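The values are calculated or read from the model by the stated rules, or taken from the named source; none is laboratory data. Note that the coordinates shown come from a computational prediction; the quantities given were computed from them, not determined experimentally. Here the Cβ positions follow ideal geometry from the backbone for every residue, glycine too, while neighbour counts run over all protein chains shown. All accessible areas refer to the heavy atoms of the entire protein, side chains included, with ligands and DNA or RNA removed. Shrake-Rupley method; radii C 1.70, N 1.55, O 1.52, S 1.80 Å.
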Amino acid sequence: MALEVFGRYGFRKASMDEIARSADISRQGLYLHFANKDALFRAAVRQELDTALGDVSRSLNEEGVGLEQRVVAALDAWLGRYVGSMLAPDIGNMLQTPAKQLGDIVDPAVAEFDARLAAAIAAAMSENDRRRVGVTPEEIAGALHTVTQGAKYLSTARVESREDFVARITAAVRVVFAGFGNVAKRTPRHGPTHQIVADYR
């Protein structure tokens, strides 16, 4: 895929010829779809984020699975995609380079991920749960996202496997959910709140 070519060579050195070869199309055919390399890069980032959000929704909506397991799967789908891969640092650096001006693509996707995670947590919590815990589903989702980002950077620096990354975030999710009683074990409930997670736009 195009993003892997960008990750391997860097934005500046990645050529349209190389990207066309990886996609098994002609260079001319590539230019029929994208005016230039910048447009192609932005489209590749958007496609990757859309794919990740789709995987997140599938993880959060999985029937018969407790909240803790679904949240771990969603965090892995969102942040664990390249952990343990040779491309992990390169793609991570590209997505965070201010010069690429990707905020209009990345920021809404991050907000959407947080909203879907919060909706899944809210669907598993009763009003009594919320009063007892004293934090909102949005605050819980934000804390989990932050902790998982830290685990991702540690894993990347140590070139650990994705399995190691999942083990780290599983421990983190269990710590965050430790005071929630049975909430973390609850399976999805059907209803309006759960449907927010299912509605992938």
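Among the residues of region 158-180, is there at least one that is closer than 23 Å to Leu49 by Cβ, basic (Lys, Arg) and either surrounded by 20 or more Cβ atoms within 10 Å (Cβ to Cβ) or modelled with pLDDT of 85 or more (or both)? Show your work before the answer.
Our first condition is that a residue be closer than 23 Å to Leu49 by Cβ; within region 158-180, this holds for 162, 165-166, 168-169, 172-173.
Imposing the further condition that a residue be basic (Lys, Arg) reduces the set to 162, 168.
Checking the rest, the ones that are also either surrounded by 20 or more Cβ atoms within 10 Å (Cβ to Cβ) or modelled with pLDDT of 85 or more (or both) come to 168.
Checking region 158-180: at least one residue is closer than 23 Å to Leu49 by Cβ, basic (Lys, Arg) and either surrounded by 20 or more Cβ atoms within 10 Å (Cβ to Cβ) or modelled with pLDDT of 85 or more (or both).
Beta carbons closer than 8 Å, at least 6 apart along the sequence or on distinct chains, pair a first residue in region 3-16 that is touching a residue at least 60 places away in the same chain (Cβ under 8 Å) with a second that is open to solvent by 100 Å² or more (accessible area, probe 1.4 Å) for Leu3/Gln47. Once region 4-38 is narrowed to residues that are of a type in the set (Gly, Ala, Ser) and part of a loop (DSSP other than H, G, I, E, B), the residue that is surrounded by the fewest Cβ atoms within 10 Å (Cβ to Cβ) is Ala35. One residue stands out in region 19-62 among those that are acidic (Asp, Glu) and at pLDDT 90 or above: the one that is nearest to Asp104 (Cα to Cα), namely Asp50.
At pLDDT below 85 and surrounded by 17 or more Cβ atoms within 10 Å (Cβ to Cβ) - does that describe any residue in region 101-114? Within region 101-114 (the criterion being at pLDDT below 85 and surrounded by 17 or more Cβ atoms within 10 Å (Cβ to Cβ)), the answer is yes, since at least one residue qualifies. Looking only at region 116-127, residues that are touching a residue at least 60 places away in the same chain (Cβ under 8 Å) and either under 13 Å from Ala52 (Cβ atoms) or open to solvent by 50 Å² or more (accessible area, probe 1.4 Å) (or both) come to 2 in all.
Quick grid of which residues meet (1) polar (S, T, N, Q); (2) without any contact (Cβ under 8 Å) to a residue 60 or more places away in the chain; (3) within 30 Å of Ala124 (Cβ to Cβ):
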site: Asp24; (1), (2), (3): no, yes, no
site: Gln28; (1), (2), (3): yes, yes, no
site: Leu40; (1), (2), (3): no, yes, no
site: Arg58; (1), (2), (3): no, yes, yes
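In this structure, Arg131 does not qualify as open to solvent by 40 Å² or more (accessible area, probe 1.4 Å) and modelled with pLDDT under 65.
For the subset of region 49-81 comprising residues that are more than 20 Å from Thr146 (Cβ to Cβ) and among the hydroxyl-bearing types (Ser, Thr, Tyr), which member is surrounded by the fewest Cβ atoms within 10 Å (Cβ to Cβ)?
The first filter runs over region 49-81 and keeps only residues more than 20 Å from Thr146 (Cβ to Cβ), leaving 50-51, 54-55, 57-58, 61-66, 69.
Among the residues that remain, those that are also among the hydroxyl-bearing types (Ser, Thr, Tyr) are: 51, 57.
On the way: Thr51: 13, Ser57: 21.
That would be Thr51.
Could we say that Gly64 is in contact with an Asp or Glu (Cβ under 8 Å, 6 or more places away or on another chain) and at positive phi here? It is false that Gly64 is in contact with an Asp or Glu (Cβ under 8 Å, 6 or more places away or on another chain) and at positive phi.
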